[in-house]
Amino acid sequence: MRTIFEERFENVLDAAREGERRCLNASRWGGEPVLMVVDAALDSIGLSYFNIVVPRVKRFHETFVKTGRIRSFDDLKNATPDDPDLARILNNRRAWGVAIGVSGVLDNMRKDLGLRSDLEVLKNWAAKTSHTVWRHDPVGKVKGVGINTFQYLRMQAGVDTSMPDKIIKRVIEREFGVKVGDDLAFIEEMERLSARIGYSQILICWAIWLRESGMGKGEWEKFSR
């Protein structure tokens, strides 16, 4: 099965390995937790990831992070979804509400746990929670956070897991015959598939996203950080 996977995803494996490395090291977006949350929040509304989400996360970085306006969860939680500067990046209150709500939860968690940094609390949260309890998790309770957003944020924070989005489910069914209707059961099937193939769940997800988006070798660097 490993050979089949490598043959079918050969053109994107190098880029998928880079995505895997950055996720497992919690170093996506230069290791900026605020950008990881913004990424997951903007992705939560079903936009094209490489064509829309990634450029807008970069614009958020230029507009807010580099200028020092929003550099922490504490900063972001005090923003409003109606902020005109946020709207210029993406005019969607729901997405910004997710980013602001998740930032508030994580900032409160950081203070309660006595942790020093946003990255520490993000990694701590991601490692200690589980997809099986996502509806009861403080982050999962934020309005607009679904299982895909929940899991994608955990992946960016270093947890080797997967998200049951429609692209991944469609490809896994087509390529490997795995068909599971329930999202939680699908995540568990992905754990088993990962063990059989010998690649991390994160790498499998990135390989699928990259190939289905038409990316070739080296092209991912044009879109991500």
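General observations
- Of all residues in segment 127-178, exactly one satisfies the criterion of being of a type in the set (S, T, N, Q) and without any contact (Cβ under 8 Å) to a residue 12 or more places away in the chain, namely Ser130.
- The set of residues in segment 107-149 that are within 15 Å of the chain's Cα centre (by Cα) and within 17 Å of Glu32 (Cα to Cα) comprises Leu119, Leu122, Lys123, Trp125, Ala126.
- Within segment 107-148, the residues that satisfy the criterion of being of a type in the set (Lys, Arg) and under 18 Å from Asn78 (Cβ atoms) are Arg110, Lys111, Lys143.
- Verdict on Glu6 being over 16 Å from the mean Cα position of the chain (by Cα) and either β-branched (Val, Ile, Thr) or under 30 Å from Gly198 (Cβ atoms) (or both): yes
- Scope segment 194-211; condition crowded, with 18+ Cβ neighbours inside 10 Å and either out of contact with any Ser or Thr (no Cβ under 9 Å at 6 or more places or on another chain) or of a type in the set (Phe, Trp, Tyr) (or both); matching residues: Ile197, Tyr199, Trp206, Ala207, Ile208, Trp209, Leu210, Arg211
- Residues that are charged (D, E, K, R), closer than 21 Å to Asn108 by Cβ and surrounded by fewer than 21 Cβ atoms within 10 Å (Cβ to Cβ) within segment 136-187 comprise Asp137, Lys141, Lys143, listed in sequence order.
- Verdict on Val121 being of a type in the set (A, V, I, L, M, F, W, C), outside any loop (DSSP other than H, G, I, E, B) and out of contact with any Cys (no Cβ under 6 Å at 6 or more places or on another chain): yes
- Screening Leu203, Leu210, Leu119 for residues that are touching a residue at least 40 places away in the same chain (Cβ under 8 Å) and in the same structural domain as Arg71 (by TED's automatic domain parsing) leaves exactly one candidate, Leu119.
The values are calculated or read from the model by the stated rules, or taken from the named source; none is laboratory data. The structure presented is a predicted model; accordingly, all values stated were derived computationally and were not measured. Please note: Cβ atoms are built from the backbone with ideal geometry, for glycine as well, and neighbour counts cover all protein chains shown.
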